[in-house]
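Participant: My structure is below; once you've seen it, I'll send some questions.
The values are calculated or read from the model by the stated rules, or taken from the named source; none is laboratory data. Predicted model, so just to flag it, every value in this text is computed and none were measured. Because the Cβ atoms are built from the backbone with ideal geometry, glycine has one as well, and the counts that use them run over all protein chains shown.
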Amino acid sequence: MKPESLMMSYGYKPELSEGAIKCPIFQTSTFVFKNAEEGKAFFEVAYGLREKNAGEELGLIYSRINNPDLEILENRLTLWDEAEDCAVFESGMSAITTVLLEFLSPGDLVLISNPLYGGSDHFIKKILPKFGIHVLSFKVGQSKESIIDLVSQSGLADKLAMVYIETPANPTNDLIDIEGSKEICKHFSTKDKEVYLSVDNTYLGPLWQHPLKHGADLVLYSATKYIGGHSDVIAGACLGSKALIQRVKGLRTFLGNMASPNTGWLLMRSLETLKARMDVQSFNANKVAEYLNEHPKVERVYFLGNLKEEDGHLYYIKNRQCLSNGAMISFDVKGGEQQAFHVLNNLKLIKLAVSLGSTESLAEHPATMTHADVDADTKKELSITEKMIRLSIGVENYEDIIYDLEQAFHKI
């Protein structure tokens, strides 16, 4: 069956919960063992003191380690990406930071794409160096060969431990070649040390791009976005092989940043309508982009659907790894910050707020909001200027979204 059908029941047995058709919220901190022998066996597996026996599952111990709401949610999330395992967190940043801290050690080098989400950019460039971790970045459009040369000339090629990319990039919709990035990982991997590829897939969500199928080792989400999709829960997720996710879950246990039972329950509810919501959002975004492309007060539109054959490699990447144009649009207003703010301040249906991927349409000003902390020269180089507005398209009637933009433009 297709994932959208399995979202209703996969991994849940009503007979274990008094016949409830929906999984209850298991609001408990601890779980009762049948006997001392069972408790011993559960802890042996949980702490890696022994491997699981054939057919043995990790038993319920303590909600910092595992919880039915968490486990069922993680099982369902694996279906979209066809991943072996999943770890869910209380925020997208906690998923990202846990992965980086687990796979990077003092002296290691992490290679990142630009631009990244502002929170990721801050943690990688300003927090990781405090732990002795080196950071090197490459630009959108750089060839694989030039990136390999960049790493080689850094003097830290033997220290490369992870390539971390975000594609499409926030807020420019720039694309990074996932397969090409994996080839860079392989180039610097040795028999003693594998270089891992992590992909932030938040912008396209679990429906519109599947990085694991293109060579990624780990895929990351701010599950607040499309997966949650109602602006009422903060969460994150990481998916990959059982071996890698076991390491991620191990550190998660001791950092204590797992998702709560209530968060797990809310995300399970949202998964049931994920495809329906994202289908509408994608349809609406195509309509809004068509409108913006023709507007006399818009200088440039950053949208996957605008890529043409003449864009060369980016067009090729889009057709190979993206299954939709997505629902994120950025555009430059003719003028500067004053004109951009004037549009934002006059929107009525579209709400002025950060975040994305929810049922309501949102607008924000990346240069002074989500990416305020990004180096000024980097922002200028990446076209994140004072005239850029970022839109997250919701499920409203697309004609109403367009009308709201039109009346805001009219006030300039």
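Participant: Do you know which residues across segment 300-348 are acidic (Asp, Glu) and either outside the structural domain of Thr370 (by TED's automatic domain parsing) or farther than 17 Å from Met388 by Cβ (or both)?
Facilitator: Glu309, Glu310, Asp311
Participant: Inspect segment 86-106 for any residue being farther than 21 Å from Thr253 by Cβ, over 19 Å from the mean Cα position of the chain (by Cα) and assigned by TED's automatic domain parsing to the domain that holds Arg247 and give the result as yes or no.
Facilitator: Looking only at segment 86-106, we keep the residues that are farther than 21 Å from Thr253 by Cβ, and these are 106.
Add one more test, that the residue is over 19 Å from the mean Cα position of the chain (by Cα), and what stays is 106.
Now drop any that are not assigned by TED's automatic domain parsing to the domain that holds Arg247, which leaves 106.
Yes - at least one qualifying residue is present in segment 86-106.
Participant: Can you pull out the residues in segment 210-223 that are touching a residue at least 40 places away in the same chain (Cβ under 8 Å) and crowded, with 24+ Cβ neighbours inside 10 Å?
Facilitator: Result: Pro211, Leu218, Val219, Leu220, Tyr221, Ser222, Ala223.
Matching residues to (1) under 19 Å from the mean Cα position of the chain (by Cα); (2) at pLDDT 95 or above:
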residue: Leu347; (1), (2): no, yes
residue: Leu356; (1), (2): yes, yes
residue: Thr368; (1), (2): no, yes
residue: His371; (1), (2): yes, no
residue: Lys380; (1), (2): no, no
residue: Glu386; (1), (2): no, yes
residue: Tyr398; (1), (2): no, yes
residue: Ile402; (1), (2): no, yes
residue: Ala408; (1), (2): no, yes
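Participant: Which of the numbered conditions does Leu266 fail, given that it passes all the others? Conditions: (1) of a type in the set (A, V, I, L, M, F, W, C); (2) touching a residue at least 40 places away in the same chain (Cβ under 8 Å); (3) out of contact with any strand residue (DSSP E or B) (no Cβ under 9 Å at 6 or more places or on another chain).
Facilitator: (2)
Residues checked against (1) under 25 Å from Ser282 (Cα atoms); (2) touching a helix residue (DSSP H, G or I) at 6+ places or on another chain (Cβ under 7 Å); (3) touching a residue at least 24 places away in the same chain (Cβ under 8 Å); (4) in a loop (DSSP other than H, G, I, E, B):
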{"residue": "Gln339", "(1), (2), (3), (4)": "no, no, yes, no"}
{"residue": "Val343", "(1), (2), (3), (4)": "yes, yes, yes, no"}
{"residue": "Val354", "(1), (2), (3), (4)": "yes, no, no, yes"}
{"residue": "Gly357", "(1), (2), (3), (4)": "yes, yes, yes, yes"}
{"residue": "Glu360", "(1), (2), (3), (4)": "yes, no, yes, yes"}
{"residue": "Ala363", "(1), (2), (3), (4)": "yes, yes, yes, no"}
{"residue": "Asp377", "(1), (2), (3), (4)": "no, no, no, no"}
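Participant: Then there is this: Looking only at segment 1-60, which residues are within 26 Å of Gly205 (Cβ to Cβ), of a type in the set (A, V, I, L, M) and in contact (Cβ under 8 Å) with a residue 12 or more places away in the chain?
Facilitator: Applying the first criterion (within 26 Å of Gly205 (Cβ to Cβ)) to segment 1-60 yields 1-12, 22-23, 25.
Keeping just the survivors that are of a type in the set (A, V, I, L, M) gives 1, 6-8, 25.
Matches in segment 1-60: Leu6, Met7, Met8, Ile25.
Participant: Being at pLDDT below 95, within 24 Å of Thr378 (Cβ to Cβ), among the hydrophobic types (A, V, I, L, M, F, W, C) and not assigned by TED's automatic domain parsing to the domain that holds Leu323: is that true of Ala157 here?
Facilitator: No.
Participant: Which members of segment 34-74 meet the condition of being in contact with a Phe, Trp or Tyr (Cβ under 7 Å, 6 or more places away or on another chain) and more than 30 Å from Leu271 (Cα to Cα)?
Facilitator: Gly39
Participant: OK, next. Identify, please: which residue in segment 261-284 is among the small types (Gly, Ala, Ser) and either modelled with pLDDT under 95 or within 19 Å of the chain's Cα centre (by Cα) (or both) and is, among those, surrounded by the most Cβ atoms within 10 Å (Cβ to Cβ)?
Facilitator: Gly264
Participant: Do any residues in segment 228-254 that are under 20 Å from Tyr203 (Cβ atoms) have Cβ atoms under 6 Å from those of residues that are surrounded by 23 or more Cβ atoms within 10 Å (Cβ to Cβ) and of a type in the set (Phe, Trp, Tyr), where the two are at least six apart or on different chains, and which pairs are they?
Facilitator: Gly236/Phe89; Ala237/Tyr221
Participant: Filtering segment 285-337 down to residues that are among the aromatic types (Phe, Trp, Tyr) and not in a strand (DSSP E or B), which residue is nearest to the chain's Cα centre (by Cα)? Spell out how you get there, then give the answer.
Facilitator: In the first step, residues of segment 285-337 are kept if they are among the aromatic types (Phe, Trp, Tyr); the result is 291, 302-303, 315-316, 331.
Filter again for not in a strand (DSSP E or B), leaving 291, 303, 315-316.
On the way: Tyr291: 28, Phe303: 18, Tyr315: 22, Tyr316: 22 Å.
So the residue we want is Phe303.
Participant: If the Cβ limit is 6 Å and pairs must be 6+ apart or interchain, which residue in segment 174-191 that is within 27 Å of Gly305 (Cβ to Cβ) pairs with which residue that is among the polar types (S, T, N, Q) and not in a helix (DSSP H, G or I)?
Facilitator: Note: pairs meeting the criteria are Leu175/Thr167; Ile176/Ser113; Ile176/Thr167.
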